[in-house]
Every structure is written in structure tokens, then in C-alpha cells.
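Enquirer: Okay, here's the structure, questions in a sec.
The values are calculated or read from the model by the stated rules, or taken from the named source; none is laboratory data. Not measured: the values here are computed from a predicted model. Positions of Cβ are backbone-derived with ideal geometry, glycine not excepted, and every protein chain shown enters the neighbour counts. Heavy atoms of the whole protein, side chains included, go into the accessibility calculation; ligands, DNA and RNA do not. Shrake-Rupley method; radii C 1.70, N 1.55, O 1.52, S 1.80 Å.
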Amino acid sequence: MNTITSSTVTIQTTSHSLPSVPCWFGEVVIIAKSLQRTGVLAKISERVRFARRRFGHYEVIDFLIVLFGYAVSGERTLEAFYEQVHPFATAFMALFGRDRLPARSTLSRFLAALTTEPVEALRALFLEDLLERRADFEQQPSGLTDRTGKLWKVFDIDGTREAARQRALPQTGEQPAPFRRLAEVCAPGYTGRKRGEVVRTRSTVLQAHSYQWLGTFGNRGNGEYRKELRRAVEAIQSYLQAHQFARERTLLRLDGLYGTGAVLTDLLGLPFVMRGKDYGLLNLPAVQTCLHLPADQQFSLPESPLVRTLYDCPDVPVGAEGQHYRLVVATHPKGPKKQKIGVERDGLIYELFLSKLPQEAFTASDVVALYLHRGSFETTLSDEDTEQDPDRWCSQSACGQEAWQIISQ
């Protein structure tokens, strides 16, 4: 070792390599202390059970701690996470009151053998913990203020679809049958614009003002999106009951996975806004009458030259049961490129937005802005705000939700 000394600075160098502490380790310390203080770790150890043969020295909490760290670290793969945490494995596990880090292969076997029961137990535990908390933001009114001055609570229900590609494997009589690890979590389904042979769907529920995740549900293939939607609505109802929010001032924003009249009965009468996919509604006499009248409004985004012309149809029968909802039709001229959303008729692109919001509180432009996440959640709809990105939202239970989201996959 060589030492260079001056009156103010001492620099020491060595030929031995010493790993540096990962940049995310401090955040793990905060998360660990918070989970211990709130009793979440103790609840997991007591209430989440998973018995299997040759379990070894580990319990469910050991594997969940690894997933907590993986979610916080932001590493792209578990392999990269293990490379970063391995020199500090003892200190990492000690933060959570454990003494041994499961190997990556052990974690893989645990996730492969995991059944539905412990996953549902974790999901219920995290939601229960979320509903028991009274955050500081509740001391101040938070929400979306409509044009009549009434406050709304906004919940986002987002359905996503992930496609996976399977590389070709040789199949000869001398080789065993190919085994694909994705077979347990993915299945053939609609891939949309994504490249792949098998898919997996997922639905998430987010409280927009508090940045809290209420749930995430995943299934193989095309999934069971209506079942997941009903579970999402149940979680939202539990949240409303726990925080004493009014149902009539609750707004659900649903993404493009839904958009048909069939799913509206699953919302249990809650107000909503979503993009419509049933373009046969354009042929209804009530809609044709509105389209032949002067437009109600125009809508545009500051970063886009596209200008949508809006027609507000307040009473349109939707779905097999013919329930009446509000329909906003947005039109714009056809561009040089093929449009990914909407239907083309006579050189115009038609987009549909279904809603159950009152016209006196939300204009047609407000409905479209709400779906495109451009409304301010703290002021009136007429204020100009930057675009909200739901993928960047975080919450008090974000790492827990992401951890059991990894488990469920």
C-alpha cells in the first residue's frame, strides 16, 4: 500500500479490489426500517405460509426480501441484482432481521413451485396495510375539481399485454422434447402490435392523487380481463369505504383494453371514462344526428399539430342491455400514415370516448383530456398542466405491489 500525505488530504491506494456499495442500498435501508416499524414483516412471517418438500433453511419472507430489494434496485435482471448485492449479502438480509441470502437458483425453484394461496395472502395483506394508513395528504383536500366546484377522486385501471418470443429449438429423435419456461406464465393470445408468439396480460389499479397502488392481477394468454376488472372495482370499493369517499364522486379511468359495452356492468354504476372500441355506435340514429350538427368543441395538444373535432352525444344506448351512456366522438382528417387507433370513414378518422360524467361538470374536451391524462388533479380542468405519466407514479406500497407482481408472474 502506498500513502500520499499532505497537510490537508490523505489519499490511500491499494491493489486489492473492494466493491462499492450499490447506489440503491440506502433506499433499501429506508424501506426495511419502514416495513419493520409498521409491522409488515411480522405479518408476512405470521400469515403467509407455503409448505413444500425440501424447503431448506428458508421461509417465504426470505424470498420476498430478495424481491423487495430487486424492485427497489431497478436492476434489469435478477442476475444483475445478485451481482450487486452479493458482496453485501449478510448486511442486506440483516436489515430485515434475516441471516442468509437465498441463492438465485433457490429463488427460481421457489417461484416455480409457488401456488395461488400464498400469492393471494400477500395481495390481501398489502391491501389491508394500505387501507389502514391515514396519509398526510388526507388532511388537505386532494382530487379533481370539476367545473361546478365539486371534488372527484380518480382511480386508474390499466390493462397491459406483454408478448414473449420463443426461439426455435431443434427437434430430432435423438434429443428430448423441448421445455419452455414461459409455458407456465404465458399462453398463445392476441399480441397486437408486439412481436411474439405467447402473451401475458396484467391489470393494475392506482389511486391517482395519493400515488398508491391498490392491486395488480396477471393471467396467461389473453387473460381474464373482466374478472380482473371486477377485482379491481372491489379493491376500489374497499378503499372508498375505508377512507369514507362518496361513490358518486369517484371517477374510474379505463384504458383501451376495455372499451365495449359488455364491461360496463362490471363497474357497478361507478362514473367512468374510457376509449370505445365498438365503432358500430357511429351508425346509431342519435349519433348520426349529432355528427350532422355543428361540432361542440375542438381539442388539441400543445406538442401535436393534430386537432380533434368533438361531438358530444349525451344519451346513447351501449351494449347488449342497451344502457344509456354519454359518447364523445372525436374526428380528424386522415394522415399520410395508417392510424393505429380509430376507424376511417370518408377521409376522416373517428375515435370514441365513453363516459358517465355529467355534461354540466365535464365538457367534451374535458372527457378527452381526462382519458389522455392531461387534466390537473389538484386544480380545475381549465388549468394547463403537464401531461401525467402513470408509468412514473409511485406509492407507499409500490415495492410491495411490485414484489408480489413478480411472484404472480
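Enquirer: Would you kindly work out the equivalent ellipsoid of the stretch 269-339 from its C-alpha gyration tensor and give its semi-axes, the square roots of five times the eigenvalues, largest first in whole Å?
Expert: Values for the stretch 269-339, descending: 24, 14, 13 Å.
Enquirer: Right, here's the next one. What ³J(HN,Hα) values, in whole Hz, does the Karplus curve 6.51 cos²θ - 1.76 cosθ + 1.60 give for the stretch 35-47 when θ = phi - 60°, with x put for Gly and Pro?
Expert: Running phi through 6.51 cos²θ - 1.76 cosθ + 1.60 with θ = phi - 60° gives 5, 6, 5, 7, x, 5, 4, 5, 5, 5, 5, 8, 9 Hz.
Enquirer: For residue 197, what residues show an amide H to amide H distance below 5 Å, using hydrogens built from the backbone and excluding near sequence neighbours?
Expert: 164, 165, 166
Enquirer: Now, a different point. Restricting the calculation to Cα positions, tell me the Rg (one decimal) and the Dmax (whole number) of the stretch 33-179 in Å.
Expert: For the stretch 33-179, the Cα radius of gyration and maximum Cα-Cα distance read 21.1, 74 Å.
Enquirer: Residue 321 versus residue 90, label points 7 Å from Cα toward the beta carbon: distance in nm?
Expert: Going by the 7 Å Cα→Cβ label model, 6.3 nm.
Enquirer: What's the center-to-center distance, using Cα atoms, between the stretch 27-103 and the stretch 106-132 in Å?
Expert: 13
Enquirer: Rounded to the nearest whole Å², what accessible area per residue is found for the chain with the 1.4 Å probe?
Expert: With all protein chains present, the chain gives 55 Å² per residue.
Enquirer: With no solvent and one point on each alpha carbon, what is the Debye value of log10 I(q)/I(0) for the stretch 92-174 at q = 0.25, 0.27 Å⁻¹?
Expert: -1.27, -1.26
Enquirer: Using only the Cα atoms of the stretch 185-323, what semi-axes does the equivalent ellipsoid have when each is the square root of 5 times a gyration tensor eigenvalue? Give whole Å, largest first. Working shown, then result.
Expert: Numbers: eigenvalues 162, 98, 60 Å².
The answer is 28, 22, 17 Å, longest axis first.
Enquirer: In percent, what relative contact order does the chain have, based on Cα pairs under 8 Å that are 6 or more apart in sequence?
Expert: 15
Enquirer: Please check which bits of the stretch 202-222 a label hung off residue 112 would reach, taking the label as a point 7 Å along Cα-to-C-beta and the cut-off as backbone N under 20 Å.
Expert: Only 220 pass the distance filter.
Enquirer: Given H placed 1.01 Å from N in the peptide plane, which residues other than close sequence neighbours of residue 215 have an amide H under 5 Å from its amide H?
Expert: Here 205 satisfy the definition.
Enquirer: Another question, if that's okay. Could you list the residues of the stretch 85-128 with an amide nitrogen less than 15 Å from a label point located 7 Å from the Cα of residue 184 in the Cα-to-C-beta direction?
Expert: Taking a point 7 Å out along Cα→Cβ of residue 184, the residues of the stretch 85-128 whose backbone N falls under 15 Å are 104-119.
Enquirer: Work out how much length residue 268 to residue 242 would gain on full extension: take 0.36 nm times their residue separation and subtract the Cα-Cα distance, in nm to one decimal.
Expert: That works out to 7.6 nm of additional length.
Enquirer: All other residues with a Cβ under 10 Å from the Cβ of residue 295 taken together, and with Lys, Arg as +1 and Asp, Glu as -1, what is their net charge?
Expert: -1
Enquirer: May I ask you to give the percent of accessible area on the chain that is carbon plus sulfur, with a probe radius of 1.4 Å? Spell out each step's value before the answer.
Expert: Values: 11180 of 22490 Å².
Carbon-and-sulfur percentage of accessible area, whole number: 50.
Enquirer: Let me ask something else. Taking 0.36 nm per residue of separation and subtracting the Cα-Cα distance, what length does fully extending residue 304 through residue 175 add?
Expert: Details: separation 129, 0.36 × 129 = 46.44 nm, distance 5.55 nm.
Gain on extension, residue 304 to residue 175, equals 40.9 nm.
Enquirer: So what J values fall out for the stretch 240-249 if you push phi through Karplus, 6.51 cos²θ - 1.76 cosθ + 1.60 with θ = phi - 60°, rounded to Hz, Gly and Pro as x?
Expert: With the stated coefficients, the stretch 240-249 comes to 5, 5, 5, 9, 6, 9, 7, 5, 6, 10 Hz.
Enquirer: Here's another thing I want to ask about it. What are the residues whose amide H is under 5 Å from the amide H of residue 319, where those residues sit 5 or more places off or on another chain and H is modelled from the backbone?
Expert: Correct list: 261.
Enquirer: PRE reach from residue 30 (point 7 Å along Cα→Cβ): which of the stretch 66-102 fall under 13 Å by backbone N?
Expert: In the stretch 66-102, the label zone of residue 30 (backbone N under 13 Å from the point 7 Å along Cα→Cβ) covers 72-73.
Enquirer: Ordered by residue, what ³J(HN,Hα) values in Hz, to whole numbers, does the stretch 100-107 give under the Karplus form 6.51 cos²θ - 1.76 cosθ + 1.60, where θ = phi - 60° and Gly and Pro are x?
Expert: Each residue's phi maps through the Karplus curve to give 9, 8, x, 5, 4, 5, 5, 4 Hz.
Enquirer: Now for a separate question. If ligands, DNA and RNA are left out, what is the accessible area of residue 373 with a 1.4 Å probe, given in Å² to the nearest 10?
Expert: Rounded to the nearest 10, that gives 40 Å².
Enquirer: Per residue Cα convex hull volume for the chain, in cubic angstrom?
Expert: Spelled out: Cα convex hull of the chain, divided by residues, is 252 Å³.
Enquirer: What size of dipole, in debye to the nearest 20, comes out for the stretch 268-362 about its Cα centre when the only charges are +1 on Lys and Arg C-beta atoms and -1 on Asp and Glu C-beta atoms? If you can, show how the numbers build up before the last one.
Expert: Working: 10 positive and 10 negative charges, 87 e Å.
Rounded to the nearest 20 debye, it is 420 debye.
Enquirer: With respect to the cross-link table entries 153/277; 227/340; 150/356, which display a Cα-Cα separation exceeding 18 Å?
Expert: Over 18 Å Cα-Cα: 153/277; 227/340.
Enquirer: If the chain between residue 359 and residue 120 were fully stretched, how many nm would it gain, using 0.36 nm times the residue separation less the Cα-Cα distance?
Expert: Working: separation 239, 0.36 × 239 = 86.04 nm, distance 4.03 nm.
Full extension from residue 359 to residue 120 adds 82.0 nm.
Enquirer: Relative contact order of the stretch 250-341: what whole-number percent is it, with Cα pairs under 8 angstrom and at least 6 residues apart? Present the calculation step by step, with values, prior to reporting the outcome.
Expert: Details: 116 pairs, mean separation 18.5, N = 92.
Relative CO of the stretch 250-341 lands at 20 percent.
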